[in-house]
Each structure stands twice: as structure tokens, then as C-alpha cells.
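Where a number appears in this text, it was derived from the coordinates with a stated rule and is not lab data. None of the values given here were measured: they were computed from a predicted structure. Cβ sites come from the backbone with ideal geometry, for glycine too, and all protein chains shown count toward neighbours.
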Amino acid sequence: MGLLESSDSLRQEHSEILRLTENFTDALALAGSDDFTARQRGLTELRTLRPALVGISRHCCCDAGLVDPSYRPYVNDEKFGQMDTQHKVIHRLVQSFLRELLYATADSIQEAAPLGEELAGQIREHIAYEEELLDSIEELCAVTT
Ligand SMILES: [Fe+2]
Ligand SMILES: [Fe+2]
């Protein structure tokens, strides 16, 4: 697969991650509610989203795209380092949130909502950052090919 084709598939992966993050945020809003029934629904939805969170965490562990060696020459060390740091932060937050989910009840989940919000914020920031990197990689490719 060429560099530009694989950047297309990365962008698709990113929009899927953003869509899941949207669902995650909706579930968090319910989980943070003062209404018990809403919190119960929120907790159920968050548990349903567990595989999605694991998937996002995997993206961060071994980001199949930007960590691809063919991208490396187009990303300077500082930018690469920042991306790597973001991956580690997201990975850690996902692990913490999954741990919270494990023992959460419809009452205690309210306390985990801010951690979830922090995670959602980091994911959105990271995806925006990687999209910017992809823009600049594509520009460089257009110039050099
Ligand atoms: Fe990433
Ligand atoms: Fe990515």
C-alpha cells in the first residue's frame, strides 16, 4: 500500500475513533447525571463501549499508521515524541477508566465521569494532532513526488 493510500485508511480509522468518542461522551453524560436511572443506563452503555476503548488503546500502543517506518522520515523527532507521549497518556487513561468500570455501580460511576471526560478530551486532541501530521506528510509527498 502506498503512503497516501495508507494515510486514507488512517483517516478512516480516525473518524471511527471520533465517532466512538462521541458515543463515549454521550454515555458519560448519562453516567454523570444526578438521576439514578440515567446513571444506570450510562453505566450499561459505558460497559458496552469497553471493546471500543480497548481498540482505541491498541491504536495507541502500536499505532499501525504513523509509527509505520515509511512515515518516519516525514515526521521530526519533536513531533514524533509528542505523538508518542499522547499515545502513552491515552493508553494509561483507558486502563484507569476500564479499572473504574470493573467495580463501578450506578452510584459510584458518577465519580468516574471526570476521568472519562479527560480521556475523551485527550483522544480528540490526539486525533486532531495526527490529522495535522497527515496533512503535512501529504504536502511533503506532493512536493517530493
Ligand atoms: Fe495515534
Ligand atoms: Fe492514528
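General remarks:
- Helical mean residue ellipticity (222 nm; -39500 (n - 2.57) per DSSP H run of 4+; nearest 500) of the chain: -28500 deg cm²/dmol
- Label zone of residue 131 (point 7 Å out along Cα→Cβ, amide N under 18 Å): in segment 1-32 this covers 6-26.
- Just checking the listed ones, 121, 32, 81: in the Gaussian network model of the chain with Cα springs under 10 Å, the one fluctuating most is 81.
- Here is what passes the span test in the chain: the DSSP H helices with alpha carbon length of 15 Å or more along the helix axis and a Kyte-Doolittle mean of -0.5 or above are 3-31, 50-61, 109-144.
- Counting beta carbons within 10 Å around each of 80, 24 and listing the fewest first gives the order 80, 24.
- Calculated P(r) tail over 25 Å for the chain, as whole % of Cα pairs: 34
- Length-normalised contact order of the chain in % [C-alpha pairs under 8 Å, at least 6 apart]: 34
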